[in-house]
1. In whole Å, largest first, what are the principal axis extents of the Cα atoms in the stretch 357-446?
2. What's the center-to-center distance, using Cα atoms, between the stretch 312-353 and the stretch 92-118 in Å?
3. Would you list GLU93, GLU329 from the most to the least accessible area, probe 1.4 Å?
4. Put a dot 7 Å past each Cα toward the Cβ at ARG493 and SER326; how far apart are the dots in nm?
5. Using a probe radius of 1.4 Å on heavy atoms only, what accessible surface per residue do you get for the stretch 306-439? Whole Å² is fine.
6. Once you put a point 7 Å from the Cα of LYS335 and another 7 Å from the Cα of ALA289, both along the Cβ direction, what distance in nm separates them?
7. State the extension gain, in nm to one decimal, for the chain segment bounded by ARG416 and ALA92, taking 0.36 nm per residue of separation less the distance between their alpha-carbons.
8. How long are the semi-axes of the ellipsoid equivalent to the stretch 390-522, from square roots of 5 times the Cα gyration tensor eigenvalues, in whole Å, largest first?
Amino acid sequence: MISTRHILSKSKRLSNVLQKQQVVRGISTSCIFSNNNNSNNNNNNNNNNKSITSLSNSINIKSNFEKVIFRNYSTSKAPIKFNLADVGEGIAECEVLVWYVKEGDQIKEFDKLCEVQSDKATVEITSRYDGIVTKICHKIGDMAKVGEPLVEITPESSVNEIKLNAGPASQVTVTTPPSETSSSPSSPSSPSSSSSSSPLDHEYDITKKNGQKYKVMATPAVRNLGKLKSVDLKQIQGTGKDGRILKEDILNSLNAEAKSKTQSIPIAKEVTTTTTTTTTTTTTTTPVAKETRAPITGIRKIMVRSMNAACSVPHFGFTEEYIMDSLSELRNKVKPLAAEKGIKLSYLPFIIKAASLSLLRYPVLNSSISPDQTEIIYKNYHNIGIAMDSPQGLLVPNIKNVENKSIFEIAKELNRLQELSGKGLLTPNDMSGGTFTLSNIGTIGGLHSSPVLLLPEVCIGAIGKIQSLPRFNKNNAIISQSIMNISWSGDHRVIDGATMARFSNALKDYLENPSTMIMDTR
């Protein structure tokens, strides 16, 4: 039997803890516990035991409640260092494209902070805290490493505490970027302030058009060129898609500026004196840089790495021409049906589907080699990549599971990827997991090419343009036919020339007799 004194000592300790945690307010512990030292009956013991259990449960509930409610809020008064999180795909650094906030801005959870571009895609970074941005750690164009701070944020609780301690007459001062600081016309600015407020850093490339703010659209390479040439991008009229500024826009602006300066230079100047009249001709030449250097960043950086890796693989080439008359006729028939569904139907979806059907016959072309080069890994899914020329550079998103898609479904997905590529909004999922690649260089021009493998894939094809050429028919009569060339490159460690030729023949049968695709489509 537990003694009454022992029970009362435990109850007093629990009562003190309860008062400290403010679980029970305005209730005296004497109402809960009775200090009955003379009572030793079993009923008192049971009541006291129940009181102890009830108090313990209350304290545990309070503790758990605090953990649930306050676990996402920082009590630190120091600014929180907001680090760049891992964006996946083994990416170690990202380039900062644009900032949506500036130092001193009040932000809420899930507000957009900045936009970064990795080797794979463009990602928007949002805040996980409420508070004030006290420091921006990177300028636009800088490479931010994963795990290092992007910004420093003072939590909202700390800001409120500072305001309460400071009183109503004082203010919390924050540092604002020089570009946002306005100077009075009557007061001259110091050289240091004027140099720090230069717009050429493009740190806050937000300008106004028709009374509305919009972001200056330009790739990292174009922004770096603007820095090197001391060009304010906000003054450039972009000719790319959605007003995007291209490299040619900057060069054209520089050429126009140089011409205007040349026209303003006086060619001859007459000097008249009282004794003689002489004519002096002055010639001024503008120095032109012999070379311009730009850092390799973003998509071009990953391109350098992938091409260097591909050069270590033995390539071999194979070229074949394909007669496209029957496919052109079929496309013209079904094109109105695709338009009714909002699908732009080109030749490419037919070629992609025909390639997938041919890969079912020759799966080694849809494989890869193990890192230790001891195994061939056959892929039972066809994620066919399409090389695209985008404002960021060469991108190769892929259409997932082509073997299970219809031609209309392939065309719809292709339209989506082309639209996102033009806007620079492709996701890492769009860019990863490819097993086989096609490059439609014919849309720009050219008949033959020597495509380079996109490792770890073992085959790639470059599609040339379609042109009408004279050919002999079965009766040896000359006729006009629509001819398209595809140049293939294969990994000679995995694929031999005979297998590539047979695969090309299978693809040729599907393209020249497109109705057979219906028979083999699953």
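The values are calculated or read from the model by the stated rules, or taken from the named source; none is laboratory data. Predicted model only: the values in this text are computed from it and were never measured. Here the Cβ is made from the backbone with ideal geometry for all residues, glycine too, and neighbour counts use every protein chain on show. The protein model used for the area step is the full one, side chains on, heavy atoms only, and it has no ligands, DNA or RNA in it. Shrake-Rupley method; radii C 1.70, N 1.55, O 1.52, S 1.80 Å.
1. Reported extents, whole Å, longest axis first: 40, 30, 30.
2. 41
3. GLU329, GLU93
4. Between SER326 and ARG493, the label points sit 3.9 nm apart.
5. 45
6. In this crude label model, LYS335 to ALA289 measures out at 4.6 nm.
7. Numbers: separation 324, 0.36 × 324 = 116.64 nm, distance 2.81 nm.
Extending this stretch completely gives an extra 113.8 nm.
8. So the three semi-axes of the stretch 390-522 are 28, 18, 18 Å.
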